[in-house]
Amino acid sequence: SMVLLSTSDKTSPASPFKSVYRAAVAGANEWFALFLPWHARPGRSVTWYKAQERDTEANTGSLDDLHQEYPASDVEALAPRSLDKRIPSIWLTNCYVKMTGYLPEDAPSIPGLIVYREPQPGHKYVIGVDPAEGNPTSDDSALTVTDVDSGEECAVLSGKYQPSVIAGHADSIGIYYNKADVMPERNNHGHAVIMWMDEHSDLRVLKGHDGKPGWMSSNLGKTLLYNAAADAFRDGATTLHSFQTYTQLASIEGATLRAPQGQFDDRADSYALAEVARAASQAGGAKVSQSKVSGRGGSSMVRRSVRHVRQ
């Protein structure tokens with residue numbers, strides 16, 4: 001037998017050890033994942049932990065060091081440092097409910113599809129789609145299915161899918177989820193997804209902040225996209241089940257709104273796209289837009305809003 005044992009290093013969120021552990025959690029390798037929380041050591045009480053918590057926050061301005069040395073869960077241990085991230089890990093943790101995914105017998109037979117919650121009669125669902133080129137060296141394509149009213153993550157799919165393939169999978173999964181609305185990212189590959197949906201699918205492609213089908217991946221679009229995701233986690237308006245998606249969302253940098261160099265953000269983007277899709281779907285297919293409002297001292301800030309337009 002071999003045992004790999006490590007304390008988390010939050011400056012290396014994609015270390016080989018963490019990759020092995022995450023794969024073990026997902027059942028993708030031969031390792032068995034075992035996490036030992038701070039209270040596994042005899043003599044450590046809640047009072048002791050609260051004292052460490054106060055000291056760490058007072059000395060560093062965050063709980064990153066506490067979660068590195070004395071984590072309560074593997075999610076806390078594996079999350080990257082939060083001070084320079086777009087979505088604080090505490091917001092993500094508060095909305096994370098660990099759940100083992102599965103593939104129901106009546107679900108579309110798509111390799112890699114993970115279902116956390118089967119479609120319920122009368123429920124409305126949306127799908128966020130982040131397409132990629134689909135070759136072995138490209139990023140993964142990913143999609144996330146979310147319940148419009150509850151915000152719960154219901155299913156996820158990611159892999160090396162070409163735009164037409166991920167579009168076809170979105171169509172099959174969307175039909176399964178009560179004819180879900182779809183919000184693809186409108187980038188180079190997103191245009192191909194939107195075109196495929198227009199020609200082959202009866203599902204509705206929602207409009208983005210600029211009033212056109214899909215979500216425009218510009219600087220403004222990216223900012224509004226992650227504003228919506230951050231708002232949902234801050235307000236507890238969503239429930240996240242995928243461990244891999246959690247780690248990607250926790251890695252999104254505040255300055256670039258992307259994952260650090262060498263890491264992936266396809267699942268994070270598809271989750272954020274599902275969040276803006278919820279707003280558009282609740283508005284009856286309206287586009288999601290933004291307006292400037294006056295702040296204190298004559299400054300301005302961007303406020304998200306939903307404006308009804310004809311479909």
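The values are calculated or read from the model by the stated rules, or taken from the named source; none is laboratory data. Predicted, not measured: the structure shown is a model, and the values here were computed from it. Glycine gets a Cβ as well: all are built from the backbone with ideal geometry, and neighbour counts include every protein chain shown. With ligands, DNA and RNA removed, areas are computed over all heavy atoms of the protein, side chains included. Shrake-Rupley method; radii C 1.70, N 1.55, O 1.52, S 1.80 Å.
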Practice task
Excluding Asn188 itself, calculate the net charge of residues whose Cβ lies under 13 Å from the Cβ of Asn188, where each Lys or Arg counts +1 and each Asp or Glu counts -1.
Solution key: -3
Handout entry: Accessible solvent surface per residue of the chain, calculated while the other protein chains remain in place, 1.4 angstrom probe, Å²
Key = 49
Completion exercise
Note on the chain: contact order normalised by length, alpha-carbon pairs under 8 Å, 6 or more apart, percent, works out to 18
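Might you report the magnitude of the Cβ-based charge dipole of segment 41-139 about its Cα centre, with Lys and Arg at +1 and Asp and Glu at -1, to the nearest 20 debye?
380
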Completion exercise
Short to long, in 10 Å steps from zero, the percent of alpha-carbon pairs of the chain per bin is 6, 26, 33, 22, 10, 2, 0
Practice task
Take every DSSP beta bridge with both residues inside the chain and express the antiparallel ones as a percent of the total, to the nearest 5.
Solution key: 70
Completion exercise
Given unit charges at Cβ for Lys, Arg (+) and Asp, Glu (-), the dipole magnitude of the chain about its Cα centre in debye, nearest 20, is 1000
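Tell me the carbon and sulfur percent of the accessible area for segment 1-131, rounded to whole percent, probe radius 1.4 Å.
Result for segment 1-131: 54 percent of the exposed heavy-atom area is carbon or sulfur.
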Exercise for the section: Show that you can apply the helix-only estimate: for the chain, add -39,500 (n - 2.57) for every DSSP H stretch of four or more residues, divide by all residues, and state [θ] at 222 nm to the nearest 500. Expected result: -11000 deg cm²/dmol
Practice task
Could you please state how large a percent of the accessible area of segment 184-237 is carbon and sulfur, counting protein chains only and using a 1.4 Å probe?
Solution key: 47
Exercise for the section: Rounded to the nearest 10 degrees, what's the angle between the helix 46-60 long axis and the longest principal axis of the chain, both from Cα atoms, 0 to 90? Expected result: 70
Completion exercise
About its Cα centre, segment 8-74 carries a charge dipole, from +1 on Lys and Arg Cβ atoms and -1 on Asp and Glu Cβ atoms, whose size in debye to the nearest 20 is 160
Exercise for the section: Bin all alpha-carbon pair distances of segment 1-102 at 10 Å intervals from 0 and give each bin's fraction as a whole percent. Expected result: 13, 43, 34, 9, 0
Problem - 0 to 90° range, to nearest 10: angle between helix 188-200 axis and the chain longest Cα axis - result: 50
Problem - Protection proxy ranking of 50-62, 246-258, 92-104 - average other beta-carbon atoms within 10 Å, highest first - result: 246-258, 92-104, 50-62
Exercise for the section: Mind pulling the angle between the C-alpha long axis of helix 266-282 and the longest principal axis of the chain? Nearest 10 degrees, somewhere in 0 to 90. Expected result: 50
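What's the ranking of 135-148, 210-223, 29-42, 11-24 by average number of surrounding C-beta atoms within 10 Å, highest first?
Ranked from most to least packed, the peptides come out as 135-148, 210-223, 11-24, 29-42.
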Problem - Max mean-square fluctuation residue, GNM over the chain, Cα-Cα springs under 10 Å, options Ile166, Ile194, Ile110 - result: Ile110
Exercise for the section: Return, for the Cα atoms of segment 175-270, the radius of gyration and Dmax in Å, separated by a comma. Expected result: 14.4, 38
